Amino acid sequence: MLLALAAVPVLIAVAIRLTDDGQGGGGGPAFLDRITQNGLFVGVTALVVAIPLFLPLTVGVVAGDSVAGEAGTGTLRYLLVSPVGRIRLLVVKFAAAAVFCLAATLTVSVAGILIGLALFPVGPVALVSGDTVSVGESLLRSLLIALYITLGLLGLAAIGLFISTLTDAPVGAMAATVVVSIVAQVVGQLSQLEWLHPWLFTYHWLDFADLLRQPIEWSSFGANAVLQLAYVAVFGALAYGRFATKDILS
Amino acid sequence: MTDPAAQAARTDPAGGADPAAAQPAPTSDSAAFAIRTTDLTKRFGRSTVVDGIDLAVPRGSVFGFLGPNGSGKTTTIRMLLGLASASAGEVRVLEREMPANLARVLPAVGALIEGPGFYPFLSGRANLHRLDSADGFASASTRQARVERALERVGLSSAAGKKVRAYSLGMKQRLGIANALLTPRELIVLDEPTNGLDPQGTREVRTLIRSLAAEGTTVFVSSHLLSEIEQMCSHVAVMRAGRLVAQGALDDLRGAGRTHLRLTVATPDAPTAVATLSRLGVPPAPLGESHPASHPADRPAVRPANDSAIGPAIDPAADAAESTALEGELPETVPAETVVAALVADGVRVRGFAVERASLEDLFVELTGEGFDVVQ
């Protein structure tokens, strides 16, 4: 799965390299046209592309599989009689999902930067605020963005973990988790439901541009963290409530 | 979590209780039992799967848990191990209330529950390592040796490096048993341990269970295969439709099932034989199924005896007739040889004669009803 994620920036970079007419500029999504000027942008661009679907998809697979997958292979009952406490099992499963979120975003980011280095010129990076930072500083900013997105995915991971405790069919849990993330994004697009938007775990997903200002604007980072922790707390509690008393019949 | 004191307590050959545990001293009544349930009940919605059972598994016994499919055996085992909660009733395992003391009791319990469950993409050895490291009480330093020992005990050493995906059902079953043996246990629960095993594997499992029992481990085996339970268990409980219909030491149970010996006579002279048997006080023998005469080579040896006997004239045509199996219950007061002598004296051509103690199967069928219908 990480390989598939790494393929995203590679595809983007290669496609742009091949179609680059040398004039610079042009259409396409935000950041896309700037890749040709600076290879370091490939990582950020790839993350923007991966956020709506690819990252939630992989996180949904991992989180949805966490408990239901063990139930499906029949290993859940053996883990529980080993004995592994049910709370401990949930905590470990969530930690594993969180580690995967980080690994997934870092994979996209690092693969993007590497392919950018290989195919495009690299130099000091112009930020959204107009300032310019060195290559080293920009790598640090890339890491921050990866952390920001990882944080943003934790809420989804918690939802996936909860759904995973509801069923013994891992595929169902995975699909449901991915659907939840898509529905949240669709709802986020409907202006009629604007009152709901700040409560969606997807609300801050694309707000990492604040990390590309000078000085760094931390408010969105903080808001994202609070929102995601709230999701983790609520769905963690739901998962515990469901799993602690569940009859394991798989 | 490798507290040396706790480790020492668990490997204590006397099977002493964890000294760190602040448990009230077990009463003398429950001390003798590895598993004790009181009115244990499990309902799913409106159906009652386990209906108020009182299991008593003595320490050190090999306890056979018998019942047809769907009689609630596995559900009971899940409740014993804290996987499912009881709707009513109490469970005590190794003298401790369950499921309140799960974390203290389960390290001393090894289990194979409703077939093995392993990660197909890992090797057998890697699966055992993973499950053992999940057990917070198992020492990591001895893991390697314990895994190899467990694999060796179930005869999987040579296949341990293969991915579980490539295992046959029987090999997976063996791996499941190996998992139950990873650390020294006080109680081992095996749910249908011989499922999918070849005859040789079945025999190995029997030997294994006997060796575990010899070490003092209590073994709780569920099965629907009576012959197996009969061969290796010291105690039996029989389930039917969620209820416990019999429980006790195997010998007591056998005695309670049928006090009489079962007599079987194969003869072509059924009417004469019935008369003779009735006269001897063997209860009127019901007519069994007909069997074709299966040993024609035996007949010349039988004939002279018949010819010399003073009895009713025998129609030579009957010689080719089929034998009829007669069954009856033989009272303890009538020696078997008297019956044979009387039959022969009356000119009955005895082609087969057997006296059997009632098998557990008779008892089982008596208790659970015959046929393949799963009792609802």
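The values are calculated or read from the model by the stated rules, or taken from the named source; none is laboratory data. In this text, all values refer to a predicted model and were calculated from it rather than measured experimentally. Cβ: placed from backbone, ideal geometry, glycine included. Neighbour counts: every protein chain shown. The protein model used for the area step is the full one, side chains on, heavy atoms only, and it has no ligands, DNA or RNA in it. Shrake-Rupley method; radii C 1.70, N 1.55, O 1.52, S 1.80 Å.
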(request) Grab the strands (runs of 3 or more DSSP E) fully contained in the stretch B:162-267, keeping just those with 2 or more residues being aromatic (Phe, Trp, Tyr), in contact (Cβ under 8 Å) with a residue 24 or more places away in the chain and crowded, with 22+ Cβ neighbours inside 10 Å. (result) none
(request) Out of A:ARG88, A:ARG34, A:ARG77, A:ARG141, report the one residue that is among the basic types (Lys, Arg), modelled with pLDDT under 95, open to solvent by less than 40 Å² (accessible area, probe 1.4 Å) and out of contact with any Gly (no Cβ under 7 Å at 6 or more places or on another chain). (result) A:ARG141
(request) Please enumerate the residues belonging to the stretch B:148-161 that are in a helix (DSSP H, G or I) and open to solvent by 40 Å² or more (accessible area, probe 1.4 Å). (result) B:GLU148, B:ARG149, B:GLU152, B:ARG153, B:SER157, B:SER158
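So which residues in the stretch B:177-191 are touching a helix residue (DSSP H, G or I) at 6+ places or on another chain (Cβ under 8 Å) and either farther than 19 Å from B:VAL238 by Cβ or modelled with pLDDT under 90 (or both)? Don't jump to the end; show me each part of the working.
Let us first name the residues in the stretch B:177-191 that are touching a helix residue (DSSP H, G or I) at 6+ places or on another chain (Cβ under 8 Å), namely B:177-179, B:181-191.
Within the stretch B:177-191, B:ILE177, B:ALA178, B:ASN179, B:LEU181, B:LEU182, B:THR183, B:PRO184, B:ARG185, B:GLU186, B:LEU187, B:ILE188 qualify.
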(request) Mind listing just one residue for me: the one in the stretch B:103-147 that is at the interface with another protein chain (Cβ under 9 Å from one of its Cβ atoms), outside any strand (DSSP E or B) and of a type in the set (Val, Ile, Thr) and, of those, nearest to B:MET171 (Cα to Cα)? (result) B:ILE113
(request) Out of the residues in the stretch A:194-250 that are part of a loop (DSSP other than H, G, I, E, B) and aromatic (Phe, Trp, Tyr), state the one that is surrounded by the fewest Cβ atoms within 10 Å (Cβ to Cβ). (result) A:TRP218
(message) For the condition at pLDDT below 85 and charged (D, E, K, R), what is the one hit in B:ARG254, B:ARG240, B:ARG203, B:ARG210?
(response) B:ARG254
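Picking from A:VAL59, A:VAL122, A:VAL128, which residue would you name as being of a type in the set (A, V, I, L, M), open to solvent by less than 10 Å² (accessible area, probe 1.4 Å) and away from chain B (no Cβ under 14 Å)? It would help to see each step written out before you state the result.
Values: A:VAL122 fails: open to solvent by less than 10 Å² (accessible area, probe 1.4 Å); A:VAL128 fails: open to solvent by less than 10 Å² (accessible area, probe 1.4 Å).
Answer to the check: A:VAL59.
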(message) Testing B:ALA100 on (1) away from chain A (no Cβ under 11 Å); (2) surrounded by fewer than 22 Cβ atoms within 10 Å (Cβ to Cβ); (3) over 20 Å from A:ARG86 (Cα atoms); (4) at pLDDT below 90, one condition comes back false. Which one is that?
(response) (3)
(request) Test A:THR177 against the stated conditions and say whether it is open to solvent by less than 40 Å² (accessible area, probe 1.4 Å), in a helix (DSSP H, G or I), touching a residue at least 12 places away in the same chain (Cβ under 8 Å) and not aromatic (Phe, Trp, Tyr). (result) yes
(message) Pairs needed: first member in the stretch A:114-127, within 13 Å of A:ALA13 (Cβ to Cβ); second member anywhere, open to solvent by 50 Å² or more (accessible area, probe 1.4 Å) and hydrophobic (A, V, I, L, M, F, W, C); C-beta distance under 8 Å; at least 6 residues apart or different chains.
(response) A:ILE115/A:VAL10; A:ILE115/A:VAL14; A:GLY116/A:VAL122; A:LEU119/A:VAL14; A:VAL122/A:VAL135
(message) Could you check the stretch A:183-221 and list, in sequence order, the residues that are free of Cβ contacts under 8 Å to residues at least 12 places away in the same chain and of a type in the set (Val, Ile, Thr)?
(response) A:VAL183, A:VAL186
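Taking B:GLY82 as the residue in question, decide whether it is in a strand (DSSP E or B) and buried (at least 21 other Cβ atoms within 10 Å of the Cβ).
Judged against the criteria, B:GLY82 is not a match.
Sort out which residues of the stretch A:62-85 are facing another protein chain (nearest Cβ under 7 Å) and outside any loop (DSSP other than H, G, I, E, B), and write them in order of number.
Filtering the stretch A:62-85 for residues facing another protein chain (nearest Cβ under 7 Å) gives A:73-75, A:77-85.
Across the stretch A:62-85, the qualifying residues are A:THR73, A:THR75, A:ARG77, A:TYR78, A:LEU79, A:LEU80.
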(request) Scan (1) in contact (Cβ under 8 Å) with a residue 12 or more places away in the chain; (2) over 19 Å from B:GLY60 (Cα atoms) for the single condition B:SER158 breaks and write down its number. (result) (1)
(request) Go over the candidates B:THR48, B:THR76 one by one and state the one that is open to solvent by 40 Å² or more (accessible area, probe 1.4 Å) and in contact (Cβ under 8 Å) with a residue 40 or more places away in the chain. (result) B:THR48
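Filter the stretch A:91-119 for residues that are open to solvent by 10 Å² or more (accessible area, probe 1.4 Å) and of a type in the set (Val, Ile, Thr) and give the result. Before you say what the answer is, go through the steps one by one.
Let us first name the residues in the stretch A:91-119 that are open to solvent by 10 Å² or more (accessible area, probe 1.4 Å), namely A:91-96, A:98-100, A:102-103, A:106-107, A:110-111, A:113-115, A:117-119.
Scanning the stretch A:91-119 gives A:VAL91, A:VAL92, A:VAL99, A:THR107, A:VAL110, A:ILE113, A:ILE115.
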